[in-house]
Amino acid sequence: MRLSRMIAVFAFSLFLSGSVTAQAATPERNGPHPVTLAESALQGVHGTAPDTTVRNVLTVTAGGTALRVRLGNPYGRTALSVRSVWVGVQAAPGSAALVPGSNRRATFGFRPEVTVPAGATVWSDPLPLTVRPGDHVAVSVYAPGAPVNDHTFPPPATDTPGSFRSGPGDAGADSGGSAYGAFAAGTLWWVDAVSAISPARGTIAALGDSITDGTNAYGGGRRWTDVLAKRLQQLPPGRQLSVANAGISGNTVSVEPNPYDASGQCCGAPAPERLERDVLSLPGLRYVLLLEGTNDLGGGDYAPPAPASQVIDAMRGIIARVHAAGHRIVGATILPMCNAAGSAKEAARLAVNAWIRTSGAFDAVLDFDSVLRDPADPTVIPPALRTDCYHPNAEGDRLLGESIDLSVFGR
């Protein structure tokens, strides 16, 4: 590569890596700029990678060019040594094949290999790859022997993230897909964000738990965040916003022992501890949408049900940090949880929701509780709209996504 070209690309990379700080303090931009197109927040470490290539597939929620991918090792106790990464566009859902000519070898500081220290993340250099809203980006990672920082959840049927695994060796360059096995819906290794230079106005980061993640959203439809993204994609390009899903099943909004897992490897770090990495660090961030608190209020074997004050204090802290970074934050009320009327858990949920609605702490409020509660029994979601007591089904998710007033995101 000629020296002038290297300098230009290096300067471009610096511009991209500094985009979050600059955008937080500047007015809304016109024209293409860095935006996060997709995210899958990593939840923990589960074993060591075998000698295989993992072809991760994420759906992008806005169009763009100069694509970059972020690899994460947030929970690993040892370094993540990545031997190669290839990035292309999936040819068809369920297939490991890529669109002909789309597969590109990624570099990191102009090198094909990269080491991600324990607790860190690393962005690739920009790739000469253009995507459209709704495209499925395939990121093939070969990192045998590395700690498996993953994201795994029971996925919905449509536009779900997932992955393919190859036989032994580096199969990243295989565009035909013959080296890979069956699609593992809902499972991703190491890849936690995709960004690009986009005409979209910026990014909405949806911070939450399994309801945001899409767990048990069964019935043949999209997650509510994907429904929102589809609606935003119908706007003119300069008015669009991408949607980054930072939901993790079992996550808590307050810092406490996880109610479901004493090891701390199932459900991600509590929201305040992962806020910088999973939300504030995202290129193009403009809005945060917070729907969380169900796991705190519900409790489990490893943590008692949290009082309303604990959940509210945690939300106040998150709001303050988002505002300090120069962004707006939208709060959503907590959905019914099948707690008996008059019980301590239901009283706490109602108290948190009353605070969300009336405190003025959030820049705007989405009353998801009112959208999905059963008129005959407001302590539950109607059976036709739920998979279980905590989780809406695909129809419930559709109603949530369509209920959102887009004016809360400006313009």
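Can you tell me which residues in the range 63-105 are small (Gly, Ala, Ser) and under 22 Å from Pro32 (Cα atoms)?
Residues of the range 63-105 small (Gly, Ala, Ser): 63-64, 66, 72, 76, 79, 81, 84, 88, 91-92, 94-97, 101-102.
Within the range 63-105, Gly63, Gly64, Ala66, Gly88, Ser102 meet the criteria.
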Which residues, taken from the range 198-225, are over 14 Å from Asn393 (Cα atoms) and under 17 Å from the mean Cα position of the chain (by Cα)? Gly202, Thr203, Ile204, Ala205, Ala206, Leu207, Gly208, Asp209
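I need a count of the residues in the range 214-233 that are over 17 Å from Thr387 (Cα atoms) and surrounded by fewer than 19 Cβ atoms within 10 Å (Cβ to Cβ). Full working, then the answer.
Step one: list which residues in the range 214-233 are over 17 Å from Thr387 (Cα atoms), which gives 225-233.
Then keep just the ones that are surrounded by fewer than 19 Cβ atoms within 10 Å (Cβ to Cβ); that gives 230-231.
Qualifying residue count, the range 214-233: 2.
Residue-by-condition table, conditions (1) more than 27 Å from Pro133 (Cβ to Cβ); (2) outside the structural domain of Asp150 (by TED's automatic domain parsing); (3) out of contact with any Pro (no Cβ under 7 Å at 6 or more places or on another chain):
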| residue | (1), (2), (3) |
| --- | --- |
| Gln234 | no, yes, yes |
| Leu282 | no, yes, yes |
| Gly299 | yes, yes, no |
| Pro307 | yes, yes, yes |
Output the residue which, of all residues in the range 155-181 that are touching a Phe, Trp or Tyr at 6+ places or on another chain (Cβ under 7 Å) and outside any loop (DSSP other than H, G, I, E, B), is nearest to Pro392 (Cα to Cα). Gly162
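Output the residues belonging to the range 77-90 that are part of a strand (DSSP E or B) and either assigned by TED's automatic domain parsing to the domain that holds Leu282 or of a type in the set (Gly, Ala, Ser) (or both).
Ser81, Ser84, Gly88
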Residue in the range 236-251 that is surrounded by fewer than 23 Cβ atoms within 10 Å (Cβ to Cβ) and of a type in the set (A, V, I, L, M) present: no
Out of curiosity, is Thr160 modelled with pLDDT under 95 and of a type in the set (Ser, Thr, Tyr)? yes
Could you list, in sequence order, the residues of the range 294-341 that are assigned to a helix (DSSP H, G or I) and touching a strand residue (DSSP E or B) at 6+ places or on another chain (Cβ under 6 Å)? Ile319, Val322
So, first residue farther than 15 Å from Val89 by Cα in the range 156-173, second residue of a type in the set (Asp, Glu), Cβ within less than 7 Å, six or more apart or across chains; the pairs are Pro168/Asp51; Gly169/Asp51
Could you count how many residues in the range 358-372 are touching a residue at least 24 places away in the same chain (Cβ under 8 Å) and assigned to a helix (DSSP H, G or I)? 5
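The values are calculated or read from the model by the stated rules, or taken from the named source; none is laboratory data. Bear in mind that the values here come from a model prediction, so they are computed numbers and not experimental data. Don't worry about glycine lacking a Cβ; one is built from the backbone with ideal geometry, like all the others, and counts go over all protein chains shown.
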